[in-house]
Structures are given as C-alpha cells and as structure tokens.
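Taken together, the values in this text are just the output of simple stated rules run on the coordinates, not laboratory data. Predicted model only: the values in this text are computed from it and were never measured. Cβ: placed from backbone, ideal geometry, glycine included. Neighbour counts: every protein chain shown.
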C-alpha cells in the first residue's frame, strides 16, 4: 500500500530539497507533482483541493525552523497535512460501558467482515485480556456461521452457536442474554453483508443495532474499492451512524486513496487496518505512522528503533572513539559490525528499508541481495589469524588459499572482501579528516558492485 504514491512524492520533493527558501515560484512545480501523485492514488478531489490549499498557505511566507532546510520544512508541512486529513490522532476502541460491551460489524459482502471480526476478537483478547463471545447473524451466505465458528476455534474465543433457520434479531437477543448470564466482557456481532446496499439489509441491521445498543458500530471497508468505498461509507453512516471504520486489504496493490479520503469525507475515524490474510494481520490505525509510511519515513524509523534495541551500543561507542583517536579500522572491527548487522536481521533487512526509501540506488543494491553474504564474510574473516585481521595487507597468495579453504569459499571471494574492506577503511579514515557529513554523502560506495557476488 502507498508504494506508488510514496515514490511519486519522493520524486516531487527532489525539485525543492536544495532550495534556499520556500517561495510561491519554487514550490509551484512541486505542488503540481504532489497533486498528480494524489490524483493517481485515487484520493477524492475535494480532499486534494483542501490538502493543496493548506500546504500552500503554510509553505509560502512562513519562517523556516532553523534546524531544518526549506526542503525538509516543506516535507514536514506535507506530513502534517496528511495527518490532518486522516484524523490527527488515533481513535481507540471504546469499551467503557457496563459488560458486555457490544461491538457490531457491518459492511458489504466480500469486504472481509467475518475475518475482520475474528482478527478484532484476537486483538481485544491480547491487548485487554477480556472474556469475549462472538456470534454470527448471517443466515444468508452459505457456511458463514461455520466460517466464524472455525475462526473462533483458531483464536480460542468462545462462539455462540446460531442456525440458518433463525431470524437475525432472535440470534442477537439470545446471544446478548447468554453473554450477560456467563459474564462476558465483550460481545462481537457479525452481520450479513450484501453485494449491494438495499433497504431490507439496512432495516435488518438497524433492528439489530436498536436492540443491541452497541458501544461501537464498525464499518468494514475494502480499500480496493476506491471511490465506491467512500460513497458506500457515506450511505452506511447516514443510515446507521457508524462509530469507526476497519479498512481491509491494505496490503494489496490498490491506489490507496481511500485511506486518505475516508476520515475527511465521512467524519468517522479509521480505527483499524487489515494488513494481510493472517489472523494477526490487524493494526491500530495511527495517522502519524501512516503519514510516515506514505512519505517513506516509516521504514527508516523502524530501522532506527531496531538498531537502538538490538545493537550493542558499547561496541559502537568503542569503534567511534577508536576512529576519532586516529586508530586504524581493521577486520576485527569489521567482523563486530557484521555480527551487529546479523542481530538486527541481516543485510537484506537493511537493503529492504533503504531501497524503499530511495536511500540507495537499485543498481547499488542489486549486487548484495544474496542471503548468505554476511555469513560468507564472517566465515572468511574467522578463518584468518589474529595478525591477519589486524594487518590485512600481509594476506598474500598462500594465505589467501588457506583462508579460502578454511572458510569454504573461493580465492576470488577473499580478494573481493579485501578489496571492499580497503574501500570501507578509507571511508572510515575520512571521518577523522573530513567529518561525518561528507562521508555520508558518499556512503553508498561502501557497497560496491560485485560485493562478494
């Protein structure tokens, strides 16, 4: 989700990133590209119009934060406006009522409603440790009741048995009575979907809602429906006064504008998004995180969090101190960094994060996507003597043959490692003489083409 929009926005920001200040003239082309990107993502026209106007108003003539460049300030403005149209803050599920708290799920057939109910049940169970009962009132769709029963067994949540010869209102009444009698904290009610909106369906759901008085009425929306999803949500909200939205199939290749338009058009918050077919693939919807995902910041933020959590900061500080003091960066240091990288998830983990955000070019990355690259490097270095690791320049013909044999690699692999390590060592030396900013501008050269390929 948002892959195309993210790439288009990233390209549009390149036109302004090096500007000295933000003016109406120099943001004009960028604004035009942003508008095109939103149109291609199938964002509603009224939303685009308001979004662009707000960005213009905040960009032109405003003071720039002294810690940011004008390009960074513009991206910050775009991010804030994305958050604004998606709802400013996360809207939590409301369970503050006398038990059982009843949650009603509604939506069209094929939107993923029944599966979403099971996912939501599992989420509530794990987050709040509640005693939950689920029930299906869908007496029309073949095997709908059986499907929910099977899902309830998978997530180990109690299921209230209903039958196709019962009326939905009667099923609801019996499930409520049972939930009260057995002291359940939450009752989740699945309703019948339809291939299209009709009066009979609305009346049936209206009766169920009137009887059950749910604390939450959640509309399940298929994100791949595009503008039709917006129109459908408006009708459901007008008829039934929904409290929030669950957006499904957000892992697909849809144009994703529905996520940007839904809150602004309906006035109702997106509370959850379905991110896959697994029963655990349900996430709380956070406008800030979604804006970061759209702008390509989300993966970098998660990468930073993983580094902070899993990397041995003591080793990093020792290496930093060593380089600042002018000591040489040797293969022992390199091996420590390789092991740190493996703790986080390996080289491909970094490649996925950095390539998504256009930090490294595809050409640079295509040569290092082998899953075994770090393992191979570690094996080669581990086959060296302590002296060879400290002084790689002594590694010549016979030593290379011994190292290759001991690591199960080829002499060519040893040669490539030594060549690439020498390139990296030169970059590390520049930190002392040139400063980190100059080094980082050329950091992609740390991963040369043919790197142990």
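Potential lengthening of the chain between residue 88 and residue 339 amounts to 86.4 nm, from the contour at 0.36 nm per residue minus the alpha-carbon distance.
Neighbour counts of other Cβ atoms within 10 Å put 381, 197 in the fewest-to-most order 197, 381.
Peptides 281-289, 203-211 ordered by packing proxy, namely the average of other Cβ atoms within 10 Å per residue, highest first: 281-289, 203-211.
Could you calculate the contour length gain from residue 149 to residue 378, that is, 0.36 nm times the residue separation minus the distance between their Cα atoms, to one decimal place in nm?
Going from the current span to full extension adds 77.4 nm.
Rounded to the nearest 5, what % of the DSSP beta bridges within the range 195-297 are antiparallel ones?
Expressed as a percentage, antiparallel bridges in the range 195-297 total about 25.
Beta bridges assigned by DSSP with both partners in the range 101-294 are antiparallel in approximately 10 percent of cases. I'd like the distance between the alpha-carbon centres of the range 91-121 and the range 164-229, rounded to an integer number of Å. Between the Cα centres of the range 91-121 and the range 164-229 lies a distance of 9 Å. Length available on full extension from residue 158 to residue 36: 0.36 nm per residue minus the Cα-Cα distance, which gives 39.0 nm.
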